[in-house]
Amino acid sequence: MTRFERLGSVFLPVLLIFIWQAACVGFKIPSFVLPAPSEIAIALWDNLYIIWFHSSQTLLTTVIGFAVAVVFGALLGILVGSSRFAYSSLYPMLVGFNSVPKVAIVPILVVWFGIGTVPAILTAFMLSFFPIAVNVATGLATIEPELRDVLRSLGANQLDIVRKIGIPRSLPYLFASLKISITLAFVGSVISETLASNRGIGTLMTQASANFRVSLVFAGLVVIAAMGIAMYVIFAIIEKRMTAWAVRGTTFGVGG
Amino acid sequence: MTRFERLGSVFLPVLLIFIWQAACVGFKIPSFVLPAPSEIAIALWDNLYIIWFHSSQTLLTTVIGFAVAVVFGALLGILVGSSRFAYSSLYPMLVGFNSVPKVAIVPILVVWFGIGTVPAILTAFMLSFFPIAVNVATGLATIEPELRDVLRSLGANQLDIVRKIGIPRSLPYLFASLKISITLAFVGSVISETLASNRGIGTLMTQASANFRVSLVFAGLVVIAAMGIAMYVIFAIIEKRMTAWAVRGTTFGVGG
Amino acid sequence: QDLKPVKFSLDWTLQGNHAIWGLALKNKYFEQNGLKVSMDRGYGSGDTVVKIAAGAYDIGFTDVNSVIKFNAENPDRTVLAFYQVFDKTPNSIITLKKSGITKPADLAGKKIGAPESDSSRMMFGAFAKANSIDPASINWVTMAPNLRETMLVQGQVEAISGFSSTSVFNLISAGVPQDDIVVMSYADNGLDLYGSVLVAMPDYIAKNPDIIKGFVKATISGTVDLLKDPAAGMTAMQEIEPMFDTKLETARLAFLMDKGVLKSPAFDKNGLGYVDPARMDLTIKTNSEVYKVAAPAAEKVYTTEFLPPASERMPPK
Amino acid sequence: MKNLVELVNVSLSYGKTLAVSDLNMTVAAGSFAAVVGPSGCGKSSLMKLVTGLMPATSGSVLIDEKEIDGPVNIVGMAFQNPNLLPWRTTLENVLLPLEVVRPERHQFRAKRKEFVERAMDLLRIVGLDSFADHYPWQLSGGMQQRVSLCRSLIHQPRLLMLDEPFGALDAFTREELWDVLQTIWLERKFTAILVTHDLREALYLADKVHVMSNRPGRVVRSVDTTEFARPRDEHTFIDPKFNENVMELRAEIRAQRLPVDIKTTTAETTP
Amino acid sequence: MKNLVELVNVSLSYGKTLAVSDLNMTVAAGSFAAVVGPSGCGKSSLMKLVTGLMPATSGSVLIDEKEIDGPVNIVGMAFQNPNLLPWRTTLENVLLPLEVVRPERHQFRAKRKEFVERAMDLLRIVGLDSFADHYPWQLSGGMQQRVSLCRSLIHQPRLLMLDEPFGALDAFTREELWDVLQTIWLERKFTAILVTHDLREALYLADKVHVMSNRPGRVVRSVDTTEFARPRDEHTFIDPKFNENVMELRAEIRAQRLPVDIKTTTAETTP
Ligand SMILES: Nc1ncnc2c1ncn2[C@@H]1O[C@H](COP(=O)(O)OP(=O)(O)OP(=O)(O)O)[C@@H](O)[C@H]1O
Ligand SMILES: Nc1ncnc2c1ncn2[C@@H]1O[C@H](COP(=O)(O)OP(=O)(O)OP(=O)(O)O)[C@@H](O)[C@H]1O
Ligand SMILES: Cc1ncc(C[n+]2csc(CCO)c2C)c(N)n1
Ligand SMILES: [Mg+2]
Ligand SMILES: [Mg+2]
């Protein structure tokens, strides 16, 4: 099965790329609308150094913004998930804030923090903390009282309960939210770079698109996707170690 | 407590608006950088009809895109959460796809579907299905085998298990993901409108910003936030009805 | 020696004409004038004006039409132009031969695509008036800047508005033969307006007259070098930005010189940066009519105080 | 009589833990079997093997004389843990099997009223009719266990599997439910397998009591109890033969537990 | 002797369900109390009241002669359901209290080795030392219950609360653990409250057995058993007085169950 699975994770993308290529050639889609994978590959290869230069910046800002988002999001989630007052007063505001496209906020950040790394980190952070907070809060709010009672009967305080039960129990959902959040962190960095930066995949993309070099734009997209997948693989490994207890599926008949 | 809570959900935003106003006045922040709430309120009031005209479109595209995302995301989540093969082959691709800023994809949609409603719906959909899929998948993957065995022992098929156990058990997390997704759906609609549309809050915002009417831009943002909160309130009501069993907290001492 | 730091924002991503400052940097003209300039790409002329007004940048390169508009909307925080870079606005309506549109009058009742923020679109009222078209008959389709050319090629719109220097080359990149492109420039069709300028805040200018003077001098030296040897300018730009497409930008620069934007009879006669008050008044008046605002006073829009004598700013022959 | 259940040389290992080894057991169709044995000897594992919830590591499990390769659908099972679905009320939990098994699942809408009545009847028997619309977490431990019992009976399965169904009940409720179970069994004559720690319970209800050895579990002894006339009642308890059987089983299990005994005794000196 | 626990006219209602009503009970410091009563009568509720996990709807709960208003921190509790944390191994589950209670929580790093030894000793006594690194779901029902018992003992609480701690165990393991518990209690003389359905268990272990009425639960009878000498052993079981007491308690509970009995009997005719 494992080998079969590994095959799947390679086979499907390859199939998709093939279909894409075929469609581009078959329907004669002009490359400035949707470049064929082959063109993207060429653009990627021809601009390897430039792409490396920009993508390393994007990766840096994304990872920093994301790291801050994990800490802040988890704390916020703990607050919202363990206090009804915080829940009812913060949740609507958070939803409101997150419904606002951050494209509109980045210019303000630029005026305050200048062009470049800081707004990108902040945007990555702003986009990605919310899913973490929501899932942690839900994890805490749905703790079975029976488990909580185990700790309460020992005279544990709220913090103990969060640490010994809340966090471990919501770990599978924390990891779920990390998968959502890392993608948003990338989007945030790139958007900010598109709006204000001299370096980063976003910059590369605007520059390329200003010059109508669409296959280079897509080469940038491919690199972002690849970095996203790389981050995912890292989480998946950590997740497998830390949440094995929660996914002990059965192996017989239905399921698996 | 309930009254106290309700107070909180009003008090905190009011406090924040007050601080914002004070900061704008105190630090003399120019209104084209960050307009004061009072200016935004005036812009809102002066442009009530225009805002209504645009926001009704945004709400429509958002709700449609979101509805499609719920159905598709849930199905995808079921697929990914119940088949290891789908998990290992689809998950990385989904993460990759979602790491890509949709700003770069909207132009393609516009070329294919024309300017206006369809790309907005599609963008809202594309941004919002992933959190739903992730949380549903996690919900299914973490079903306790004991509960699953209850159904398996009755000769239930995989679909029965998903319907009778998977969905109800992951309902709290489905709702959590709805809160994340609805904000993304709004962002998606607005982004698409910003890039290509003659109607919608996104259009209003680009128009206003081209004319340096920054307080109108922010009036647009406020309306989006308000619509996001309105959707949240609707979900919260449904959630309260459907997931009461999962949040039966204790009421004594620590907790609550 | 202690160089004075200056934050300088362009109007757009690096393009051929920006080599003026690319050369000023490379040939140390800024340093010779006591300045240490950091140059950033811009995000549209309108955005650059806001960044100057907000203090995020000290000096900006932006469309004078955007300056006039911003000043009219924000009378208590105006920005001031102090050097005319483009003698002519590149504002244009661009279309393809297959549309059958050959002159402005043909535009009546047509679908035109452009971003809301496009200055050509915003100024279209004046263009329509000068060419006796009913502006209300135009069916505007709003889209992001980089979607314009695609939409035009795909036939979803019949014309687009924008800077000729941008759209023509995007169309060429999209595979449209140059002969198929029809450009109706505003300047050549009854709207003889000025183009992009250098701007700063009045209080910054008042406090740092030396910086402004030095910046103007360096700009003139850079312009002279660029007009003399465009290829050197392109090399300088590529050193700043590895992605700079020399071939494309050489063509764009030639286009700007050829169309009388960067290189013009007026500049040749009166020196670089020359402003004809009558033409500037027309520019201001046209804008105020289009935006239905009171025309800002000319001295609130531009100053020639920092121009060196004409003899020191003659373009090469 | 045919065997409904037949285990031939079955072993089951969870990773390195060998739970059941070389287990042989048959249950005749329509008979009532009981399984007793020390804690952790593999009784619950045996239940999972018979229902096909777990695949045998080696050996074969036959139901209706056919080797199974997955869950069989003739079963009603009350797990050791009640495993009620927390989002369903008591009544909805009891109705669950009818939403899943054939043919009832297709009649569920049409016959809903009839099914609800059937469920309420069962709940009434176990004394929980007034808790029909309570959620599982609003029930006491013993109440949950009784609901689980109702759930295993509602669809009138051909094979009833009960894993310590009365463990959390007081002596009286328990004995009452013995009689209820016996009555239903005598009426319908399904096949039943009961895991229990209560030897009297095993002997009272079953036709045959299987004693399992310490882990890895094997059937080391099977006691036939068909000699006690049905329906059994209080008189059975005072039958000397019955109590003799209880003592015999006790001795057998004590013998099986010896290895652990030693360990425990040495350990007791430690603390 | 002072009373460690005192319940005065306590009632507890869950919404409309009145679980416990006008309950009065005292447990002397250092004594061993047992609580018996029909299923669903409020025994587990009583445990939650005493530990402060639930607030009394009316009346007062006193610990150490002070009225409590939240969880008290002198308790070790084995819940009716083992409630082990699924992300912790057996050993980690047993160690949990030491990470939480004072002063051990502050010594946890420094004394970890000592604590682990203490936990392993307990696991050895209940026969689970070889399962120290297994997860709860890898244990059988009875094994989980034994782990839960260890967890309630590890931090040597002043008040030990056991809610049917031996329900899922076979007779021998159970009786062995009675002796283990008695030994520990005689050594440390903490206060203990044991809920059980096994009357022999109650009488064997406790100084006083409280019988609760049907829901809403009240203490209707308290039987003093101090007359049986400690340490008690097999001989206690054959003491005629002991068996007399068992019979007496049986009768008392049967009397308490009457209302349900009637209901059940009428219902039995239905199916
Ligand atoms: N899912 C599992 N993974 C690993 N080991 C398991 C699992 N389930 C049971 N075991 C092991 O298998 C053995 C038998 O377990 P089982 O639950 O069948 O015992 P049991 O006879 O039902 O015990 P009890 O009377 O205590 O319920 C035990 O040693 C247990 O540790
Ligand atoms: N969380 C709860 N919400 C509502 N009702 C509850 C809750 N917990 C218990 N009850 C009710 O309180 C009554 C007493 O329950 P309790 O668990 O105390 O009984 P018990 O004596 O422990 O029974 P058992 O011997 O079956 O475990 C029951 O009728 C039960 O339905
Ligand atoms: C020659 C020349 N070409 C392109 C641009 C950049 N540009 C294209 S659209 C737009 C938005 C106007 O507000 C801008 C700045 C320029 N400024 N000058
Ligand atoms: Mg078992
Ligand atoms: Mg109980």
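Summary table below
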{"quantity": "Nearest-first distances (nm) between copies at D:GLU117, label 7 Å from Cα via Cβ", "calculated": "7.0"}
{"quantity": "Other-copy label distances relative to E:ILE238, 7 angstrom Cα-Cβ extension, nm", "calculated": "2.3"}
{"quantity": "Convex hull of the protein assembly as shown built on C-alpha atoms - directionally averaged projected area, nm²", "calculated": "57.5 nm²"}
{"quantity": "Net charge of Cβ neighbours under 10 Å - reference A:ASP160; Lys, Arg +1; Asp, Glu -1", "calculated": "+3"}
{"quantity": "Lys/Arg +1, Asp/Glu -1 at C-beta; the protein assembly as shown dipole; positive extreme among B:LEU122, A:ALA41, D:VAL195", "calculated": "A:ALA41"}
{"quantity": "Inter-chain shielding of E:196-204 (mean C-beta neighbours from other protein chains, 10 Å cut-off)", "calculated": "2"}
{"quantity": "Region A:37-243, relative contact order in percent, only Cα pairs under 8 angstrom and at least six apart counted", "calculated": "32 percent"}
{"quantity": "Exposure rank, largest accessible area first [C:TYR274, C:TYR302, D:TYR204; 1.4 Å]", "calculated": "C:TYR274, C:TYR302, D:TYR204"}
{"quantity": "Other protein chain Cβ atoms within 10 Å, averaged over every residue that makes up D:77-85", "calculated": "5"}
{"quantity": "Förster radius 56 Å - calculated FRET efficiency between B:MET93 and B:GLU146 (Cβ-Cβ, nearest 0.05)", "calculated": "0.95"}
{"quantity": "Peptides ranked, highest mean first, by Cβ atoms within 10 Å: ranges C:212-224, E:12-24", "calculated": "C:212-224, E:12-24"}
{"quantity": "Among C:ASP281, C:ASP118, C:ASP229: highest mean-square fluctuation, GNM of chain C, C-alpha pairs under 10 Å", "calculated": "C:ASP229"}
{"quantity": "10 Å Cβ neighbours from other chains, averaged over peptide C:138-147", "calculated": "6"}
{"quantity": "Portion, in percent, of the accessible area of chain E that falls on carbon or sulfur, probe 1.4 Å", "calculated": "51 percent"}
{"quantity": "Principal axes of region D:15-103: Cα extent on each, largest first, Å", "calculated": "41, 29, 26"}
{"quantity": "Computed [θ] at 222 nm, helices only, for the protein assembly as shown once each DSSP H run of length n ≥ 4 contributes -39500 (n - 2.57)", "calculated": "-17500 deg cm²/dmol"}
{"quantity": "Descending Cα extents along the principal axes, region B:37-243, whole Å", "calculated": "66, 38, 21"}
{"quantity": "Furthest towards positive pole of dipole, E:THR183, E:PHE166, E:PHE108, structure part region E:81-208, Cβ charges", "calculated": "E:PHE108"}
{"quantity": "Candidates A:ILE167, A:ILE182, A:ILE237, ranked by Gaussian network fluctuation over chain A, Cα under 10 Å, top entry", "calculated": "A:ILE237"}
{"quantity": "Between E and D, accessible area buried - total, square angstrom, nearest 100, 1.4 angstrom probe", "calculated": "3700 Å²"}
{"quantity": "Euclidean distance between Cα centres, region A:124-156 to region E:38-74, Å", "calculated": "26 Å"}
{"quantity": "Shortest-first distances to equivalent copies, position A:PHE27, nm, label 7 Å out along Cβ", "calculated": "4.8"}
{"quantity": "Eligible aspartates and glutamates near C:LYS69 by straight Cα distance, threshold 18 Å, same-chain separation 8 or greater", "calculated": "C:ASP11, C:ASP47, C:GLU116, C:ASP118, C:ASP192, C:ASP281, C:GLU289, C:GLU299"}
{"quantity": "Contact order relative to length of chain E, as percent, for alpha carbon pairs under 8 angstrom and 6 or more apart", "calculated": "25 percent"}
{"quantity": "Mean Cβ count within 10 Å, highest first, over the residues of peptides B:206-212, D:161-167, D:26-32, D:247-253", "calculated": "D:161-167, B:206-212, D:26-32, D:247-253"}
{"quantity": "Cα-projected label distance for E:GLU244 with E:THR183, points at 7 Å along beta-carbon direction, nm", "calculated": "3.2 nm"}
{"quantity": "For the axis carrying chain D to chain E: nearest C-beta residue of D, whole Å", "calculated": "D:GLY167, 2"}
{"quantity": "Accessible surface, 1.4 Å probe, highest first, among residues C:GLU239, C:GLU73", "calculated": "C:GLU239, C:GLU73"}
{"quantity": "Cα centroid separation - region C:150-218 against region C:222-272, whole Å", "calculated": "14 Å"}
{"quantity": "Among the listed pairs C:LYS7/C:LYS285; A:LYS164/E:LYS113; A:LYS179/B:LYS102; B:LYS164/E:LYS43; C:LYS129/C:LYS269; D:LYS16/E:LYS111, those beyond 26 Å (Cα-Cα)", "calculated": "C:LYS7/C:LYS285; B:LYS164/E:LYS43; C:LYS129/C:LYS269; D:LYS16/E:LYS111"}
{"quantity": "Integer Hz, Karplus 6.51/-1.76/1.60 couplings in order for region C:143-151, x for Gly and Pro", "calculated": "7, 5, x, 7, 8, 3, 5, 4, 4"}
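The values are calculated or read from the model by the stated rules, or taken from the named source; none is laboratory data. The shown structure was predicted, so the numbers you read here are calculated from the model rather than taken from an experiment. A quick note on method: Cβ atoms are made from the backbone with ideal geometry, for glycine too, and the neighbour counts reach across all protein chains shown. Accessible surface is based on the protein model in full, side chains and every heavy atom, while ligands, DNA and RNA are left aside. Shrake-Rupley method; radii C 1.70, N 1.55, O 1.52, S 1.80 Å.
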